[in-house]
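The structure under discussion appears below in the form of structure tokens.
The values are calculated or read from the model by the stated rules, or taken from the named source; none is laboratory data. Bear in mind the structure is a predicted one, so any value in this text is a computation, not a measurement. Glycine also receives a Cβ, built like all others from the backbone with ideal geometry; neighbour counts cover every protein chain displayed.
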Amino acid sequence: MNAPRRVENQLTDKGYVPVYTTAVVEQPWSDYSDADHDTWGRLYLRQRELLVGRACDEFLRAQDDLGMDAHAIPRFDQLNEVLGAATGWTLIGVEGLLPELDFFEHLANRRFPVTWWIRRPEQIDYIAEPDLFHDLFGHVPLLMNPLFADYMRAYGRGGVKAHGIGPEALAHLTRLYWYTVEFGLIATTDGLRIYGAGIVSSKGESLYSLESPAPNRIGFELERIMRTRYRIDTFQKTYFVIDSFRQLMDATAPDFAPLYARLAQRDSIPAGDVLEQDRVFQRGSGEGWTRDGDV
């Protein structure tokens, strides 16, 4: 078997251009360098300390249950034993970004693609595409949660269907993934908490998403999310807040075909806009989070 490649976005005069690969590879764990393990450890320690009191309890517990720590890059085969027993998911190694349909088909079959390579030391604060740290630290823990694990499988099945319908349906569905799986917040009895992988794997966005007055924090509403545009090159202007992982499953259980037809007749919404009907979360005088209309 050929050694797995490190497939990264290409820098052009128009910025970074994504490069896709379909290969599924074995994790070359014995080939990781001391610098690779050190990068994992530095990122792990920084984020775990930062996420206590910011990430949802389900995420932190799942990381512990998986046995993740800062000592070395986790082995996919060892994680798969725990993950498979908990929710039936399996991690597969990939070389980089997958084409959409390949990605959806993996999710639909409870396979989560994890980029085998980790960012270089000089990229520790930012990398343009998902690497091992983002995928493994950010995405994998919540696959231990039965509700979220089922949601991810349902999303994959929905993605296969949307791909067959056309690019407009796919664009709407992609926004749902962006604003939940990648950049979602959840309301808990202790206040707003993070669950999205794009936030929990980023020091800057972990702080910004909860503590900055700049972004909007809006209650989950399916059609609102699927109409809302997003940016990939900056912190988010809007975060959507779920009440529970059960809410995700219930909202996305029906057939989306009629929804896509309705959305095709409506304009998209700029990322930073707030609509009159939005349930907006704001900090009160006691620094707790309340929703507009709450007493």
Original post:
Could you list, in sequence order, the residues of segment 248-270 that are over 17 Å from the mean Cα position of the chain (by Cα), surrounded by fewer than 17 Cβ atoms within 10 Å (Cβ to Cβ) and in a helix (DSSP H, G or I)?
Top reply: D250, A257, P258, A261, R262
Original post:
Among the residues of segment 30-39, is there at least one that is in contact with a Pro (Cβ under 7 Å, 6 or more places away or on another chain), in a helix (DSSP H, G or I), modelled with pLDDT of 95 or more and surrounded by 14 or more Cβ atoms within 10 Å (Cβ to Cβ)?
Top reply: yes
**OP:** Select from segment 210-250 the residues that are out of contact with any strand residue (DSSP E or B) (no Cβ under 8 Å at 6 or more places or on another chain) and among the aliphatic types (A, V, I, L, M) and write down the one among them that is nearest to R153 (Cα to Cα).
**Re:** M249
Subject >> Hits in segment 1-58 - residues which are within 19 Å of the chain's Cα centre (by Cα) and among the aromatic types (F, W, Y) >> reply: Y20, W40, Y44
Original post:
Considering only residues of segment 42-99 that are small (G, A, S) and within 19 Å of I199 (Cβ to Cβ), which is surrounded by the fewest Cβ atoms within 10 Å (Cβ to Cβ)?
Top reply: G53
**OP:** Output the helices (runs of 4 or more DSSP H) that fall wholly within segment 121-234 and possess 3 or more residues being among the aliphatic types (A, V, I, L, M) and within 30 Å of H37 (Cα to Cα), or say none.
**Re:** 197-200
**OP:** Enumerate the pairs (first residue in segment 156-181 and more than 22 Å from G138 (Cβ to Cβ); second residue anywhere and surrounded by fewer than 19 Cβ atoms within 10 Å (Cβ to Cβ) and among the acidic types (D, E)) with beta-carbon separation below 7 Å, excluding pairs fewer than 6 apart on the same chain, so at least 6 apart or on different chains.
**Re:** V160/E105; H163/E100; L170/E100
Original post:
Does F104 fit the bill of being in contact with a His (Cβ under 7 Å, 6 or more places away or on another chain), among the hydrophobic types (A, V, I, L, M, F, W, C) and either in a helix (DSSP H, G or I) or buried (at least 19 other Cβ atoms within 10 Å of the Cβ) (or both)?
Top reply: yes
Original post:
Among the residues of segment 160-203, which ones are under 20 Å from P270 (Cα atoms) and of a type in the set (S, T, Y)?
Top reply: T174, Y177, Y179, T180
Original post:
Can you pull out the residues in segment 1-30 that are among the acidic types (D, E) and free of Cβ contacts under 8 Å to residues at least 12 places away in the same chain?
Top reply: D13
